[in-house]
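Here is the structure we will look at.
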Amino acid sequence: MKNITVIKYSNDTSLISSMLFLIFGIILFTNPSGILNFISYIAGGILCIIGIFNILSYYKTLKKLNIEYKSKLIFGIILIIFGLFIILFSSLIETTIRLICGGWIIYTGIIRLIEALNIKENKIAFLSGLVISILLIICGFYVALKTNLILSTIGLFIILYSILDIVGFVLYKKF
């Protein structure tokens, strides 16, 4: 009897988490820059707080034990600077991710193009390789130039996952 209760609880928890993921996916899909800014502010704030605690710990250690343990001070200052950088330049983080992903897709397309040009004996392999490489290069430029595309795509996949999980839950309950 306890096993049935545990299974029911995990299914209810799964439904709740799927609904939360659905909401998060919709927000991420419709407002990716807002989510990125929010996450940047949270991450930057946490790093600044940890940095402040390290600096306070340095002064506490210095006062109590009369020992200078400068690594905590330096680490705290670095964390505060890095946290402020993340907060102030959150759009730069999105641009960097976008350019890296787009650049990688372009690079892969160029490699495929070179490989396709080397396979001239087999016309089908040559043409399919040529088409795939050109499509990869076009997609790479699109990813690199289109803002928030990656985050919107992740949001779309989260929405699809959530819907499938909710449908699975309903079907499981039904049968």
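The values are calculated or read from the model by the stated rules, or taken from the named source; none is laboratory data. Small disclaimer: the values here were computed from a predicted structure and weren't measured. In this analysis, Cβ positions are derived from the backbone assuming ideal geometry, glycine residues included, and neighbour counts consider all displayed protein chains. The protein model used for the area step is the full one, side chains on, heavy atoms only, and it has no ligands, DNA or RNA in it. Shrake-Rupley method; radii C 1.70, N 1.55, O 1.52, S 1.80 Å.
Residue selection: Arg112 satisfies the criterion of being basic (Lys, Arg) and in contact with a Gly (Cβ under 8 Å, 6 or more places away or on another chain). From the list Ala144, Ala125, the lone residue that is of a type in the set (A, V, I, L, M), in a helix (DSSP H, G or I) and either touching a residue at least 24 places away in the same chain (Cβ under 8 Å) or under 30 Å from Gly44 (Cα atoms) (or both) is Ala144.
The residue pairs whose first member lies in the stretch 63-84 and is closer than 8 Å to Gly51 by Cβ and assigned to a helix (DSSP H, G or I), whose second member is modelled with pLDDT under 90 and aromatic (Phe, Trp, Tyr), and whose beta carbons are closer than 8 Å, counting only pairs six or more residues apart or on different chains, are Gly76/Tyr58.
For the stretch 35-49, the criterion of a residue being at pLDDT 85 or above, closer than 16 Å to Leu84 by Cβ and over 22 Å from the mean Cα position of the chain (by Cα) is satisfied by at least one position. Suppose the filter is open to solvent by less than 60 Å² (accessible area, probe 1.4 Å), of a type in the set (A, V, I, L, M) and without any contact (Cβ under 8 Å) to a residue 40 or more places away in the chain; does Leu92 pass it? Here the answer is no, as Leu92 does not meet what is asked. Annotation note: Cβ proximity below 6 Å between a residue of the stretch 43-60 that is among the small types (Gly, Ala, Ser) and a residue that is surrounded by 14 or more Cβ atoms within 10 Å (Cβ to Cβ) and assigned to a helix (DSSP H, G or I) (sequence gap 6+ or interchain) occurs for Ala43/Ile86; Gly44/Gly83; Gly44/Ile86; Gly44/Ile87; Gly51/Gly76; Gly51/Leu79; Gly51/Ile80; Ser57/Lys72. The residues in the stretch 96-110 that are modelled with pLDDT of 90 or more and over 30 Å from Ser40 (Cβ atoms) can be counted, and the count is 1. Condition (residue is at pLDDT below 80 and either in contact with a strand residue (DSSP E or B) (Cβ under 8 Å, 6 or more places away or on another chain) or hydroxyl-bearing (Ser, Thr, Tyr) (or both)) applied to the stretch 70-88: is it met by at least one residue? The answer is no; no qualifying residue exists.
Restricting attention to the stretch 8-21, does a residue exist that is of a type in the set (Val, Ile, Thr), touching a helix residue (DSSP H, G or I) at 6+ places or on another chain (Cβ under 7 Å) and modelled with pLDDT of 85 or more? So far as the stretch 8-21 goes, no, none of its residues is of a type in the set (Val, Ile, Thr), touching a helix residue (DSSP H, G or I) at 6+ places or on another chain (Cβ under 7 Å) and modelled with pLDDT of 85 or more.
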